[in-house]
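As structure tokens, the structure follows; a few thoughts come after it.
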Amino acid sequence: MANWESIGDRIREFREARGLHRVDVAKRIGVGAKHVEKIEHGTSGISVDTLIAFARAYNVSLDELLLNR
């Protein structure tokens, strides 16, 4: 089972490390800023397509995004 909180934390850390705002990321991946916020807080699950979009936006592998490896 996915730990959405941990994944959300990593997604937020990647965003902050790149100096991006939620609105910037939301536009890049094609979702609303509120959805990005819910993902980062672990209160919303994430589709595979959205995970791939985050990985591309941050230029990281899915392993890095999901498992911090």
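The values are calculated or read from the model by the stated rules, or taken from the named source; none is laboratory data. Worth saying up front: this structure is predicted, and the values here are computed from it rather than measured. Please note: Cβ atoms are built from the backbone with ideal geometry, for glycine as well, and neighbour counts cover all protein chains shown. Heavy atoms of the whole protein, side chains included, go into the accessibility calculation; ligands, DNA and RNA do not. Shrake-Rupley method; radii C 1.70, N 1.55, O 1.52, S 1.80 Å.
Among the residues of the range 43-54, is any assigned to a helix (DSSP H, G or I), touching a Lys or Arg at 6+ places or on another chain (Cβ under 7 Å) and not hydroxyl-bearing (Ser, Thr, Tyr)?
Here is the first cut: in the range 43-54, the residues assigned to a helix (DSSP H, G or I) are 48-54.
Still in the running and touching a Lys or Arg at 6+ places or on another chain (Cβ under 7 Å): none.
Taking every residue of the range 43-54 in turn, none turns out to be assigned to a helix (DSSP H, G or I), touching a Lys or Arg at 6+ places or on another chain (Cβ under 7 Å) and not hydroxyl-bearing (Ser, Thr, Tyr).
Pairs meeting the criteria (first residue in the range 40-52 and under 14 Å from residue 22 (Cβ atoms) and of a type in the set (Gly, Ala, Ser), second residue in a loop (DSSP other than H, G, I, E, B) and open to solvent by 30 Å² or more (accessible area, probe 1.4 Å), beta carbons under 9 Å, at least 6 apart or on different chains) are lacking.
Out of 23, 36, 60, which single residue is in a loop (DSSP other than H, G, I, E, B) and either open to solvent by less than 40 Å² (accessible area, probe 1.4 Å) or aliphatic (A, V, I, L, M) (or both)? Sole residue among the options that is in a loop (DSSP other than H, G, I, E, B) and either open to solvent by less than 40 Å² (accessible area, probe 1.4 Å) or aliphatic (A, V, I, L, M) (or both): 60. Of the candidates 31, 48, the single residue that is open to solvent by 30 Å² or more (accessible area, probe 1.4 Å) and closer than 18 Å to residue 64 by Cα is 48.
Would you mind stating whether residue 60 is touching a residue at least 12 places away in the same chain (Cβ under 8 Å), on the phi < 0 side of the Ramachandran plot and of a type outside the set (Gly, Ala, Ser)? Before you say what the answer is, go through the steps one by one.
Numbers: touching a residue at least 12 places away in the same chain (Cβ under 8 Å): yes; on the phi < 0 side of the Ramachandran plot: yes; of a type outside the set (Gly, Ala, Ser): yes.
Criteria met by residue 60.
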